[in-house]
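Everything on this sheet refers to the single structure shown next.
The values are calculated or read from the model by the stated rules, or taken from the named source; none is laboratory data. Nothing here was measured: the structure is a model prediction, and the numbers come from that model. Cβ atoms come from the backbone with ideal geometry, glycine included; neighbour counts cover every protein chain shown.
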Amino acid sequence: MIRIVIAGPRGRMGREAVSLVHRTEHFNLVAVVDRVNEGKTLAELDGFPAIESPIFTDLERCLQTVQADVLIDLTTPEVGKRHAEVALRYGVRPVVGTTGFTDDDLARLTQIAEEKKIGAIIAPNFAIGAILMMKFAQMAAKYFPHAEIIELHHDQKLDAPSGTALKTAQLIQQVRSSFMQGHPAEKETIEGARGALYDGMRIHSVRLPGLVAHQEVIFGGDGQTLTIRHDSFNRASFMSGVRFSVETVMKLETLVYGLEHLIE
Ligand SMILES: NC(=O)C1=CN([C@@H]2O[C@H](COP(=O)(O)OP(=O)(O)OC[C@H]3O[C@@H](n4cnc5c(N)ncnc54)[C@H](O)[C@@H]3O)[C@@H](O)[C@H]2O)C=CC1
Ligand SMILES: O=C(O)C1=N[C@H](C(=O)O)C[C@H](O)C1
């Protein structure tokens, strides 16, 4: 039995994760961390099954009160960073889906995980199709070094570019020489027209109601283009990756950033 705390249970992802943990026989939801509702149980909140998991508004107090193995964090960038650090310090393995972490954040958390010799997973995307899309993009970049990333998300998303787009850009960067794409003399007549710049390649972020989570990587070569696209149409698409991460983090002794390191 893996004892789990979920932070952000009332969010779009958090609700799916509560349902996943509830229906998985060897998972036990020992508590949740919410912004409000201290002292209640999940069962008292609208739209949740009859789960008696206590609600805390502070992760430290939660981990001082309940015994947990894994923290699933699905909150906001600032909260997610703080939660991952607190969990590691309490010997609880973080599985973080929250995006918006910088390289410095990842380095600090990696150091703590190594000091504590416990596993942690920070996964910018839990959907298997998105992980394959990133892997295929990295393969393609060896042959097509000119790439632009277009990520498209719902308009309630806080961070831009998405964690997935940043991860994709890093994977492409690893297999191509650094260079600036486009015409050396190009000028934006409206600021931002060419998107964000990551090591010479452009990332474009679309935010619209109706979208969930989508990404296209377009590669250009001599007389041809190649487009690799992934679409998540609902948040259930992320849940097999959350389940896999919870099971896998129990066997790790360091921090892994991205599920592409864990799937064959
Ligand atoms: N890795 C992946 O596959 C995926 C990652 N995400 C990421 O997960 C995060 C959450 O996304 P959504 O569920 O769409 O957002 P959301 O806005 O629906 O949910 C966030 C929840 O966090 C809660 N929260 C805020 N501060 C808190 C605190 N101090 N303690 C406890 N809870 C707190 C909010 O009340 C809210 O319920 C985002 O960073 C998003 O980018 C989203 C989808 C997939
Ligand atoms: O906020 C979201 O919705 C998503 N966030 C993650 C990201 O930033 O890449 C994963 C997925 O794209 C959905």
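Against the definition (within 30 Å of residue 92 (Cβ to Cβ), in contact with an Asp or Glu (Cβ under 8 Å, 6 or more places away or on another chain), at pLDDT 95 or above and aliphatic (A, V, I, L, M)), how does residue 118 come out, yes or no? In short, yes. Here residue 132 meets each of (1) more than 14 Å from ligand 1 (Cβ to nearest atom); (2) surrounded by fewer than 21 Cβ atoms within 10 Å (Cβ to Cβ); (3) at pLDDT 95 or above with one exception, condition (1). Just to verify a result, which residue in the stretch 72-117, among those that are hydrophobic (A, V, I, L, M, F, W, C) and in a loop (DSSP other than H, G, I, E, B), is surrounded by the fewest Cβ atoms within 10 Å (Cβ to Cβ)? The qualifying residue surrounded by the fewest Cβ atoms within 10 Å (Cβ to Cβ) is 101. Contact map, the stretch 154-172: first residue closer than 22 Å to residue 144 by Cα and away from ligand 1 (no atom under 11 Å from the Cβ), second residue at pLDDT 95 or above and assigned to a helix (DSSP H, G or I), Cβ cut-off under 7 Å, separation 6 or more or different chains; pairs are 168/134; 168/137; 171/134; 171/137; 171/138; 172/137; 172/138; 172/141. Residue 181 falls short on exactly one of the conditions (1) within 13 Å of ligand 2 (Cβ to nearest atom); (2) part of a loop (DSSP other than H, G, I, E, B); (3) in contact with a strand residue (DSSP E or B) (Cβ under 7 Å, 6 or more places away or on another chain); (4) not assigned by the TED database to the domain that holds residue 62, and that condition is (1).
Screening the stretch 210-247 for residues that are away from ligand 1 (no atom under 12 Å from the Cβ) and β-branched (Val, Ile, Thr) and picking the one that is farthest from the chain's Cα centre (by Cα) gives 225. Residue pairs whose Cβ atoms lie under 9 Å apart, sitting 6 or more positions apart in sequence or on different chains, and linking a residue in the stretch 10-25 that is in the same structural domain as residue 99 (by the TED database) and hydroxyl-bearing (Ser, Thr, Tyr) to a partner that is outside any helix (DSSP H, G or I) and away from ligand 1 (no atom under 13 Å from the Cβ), are 19/49; 24/2.
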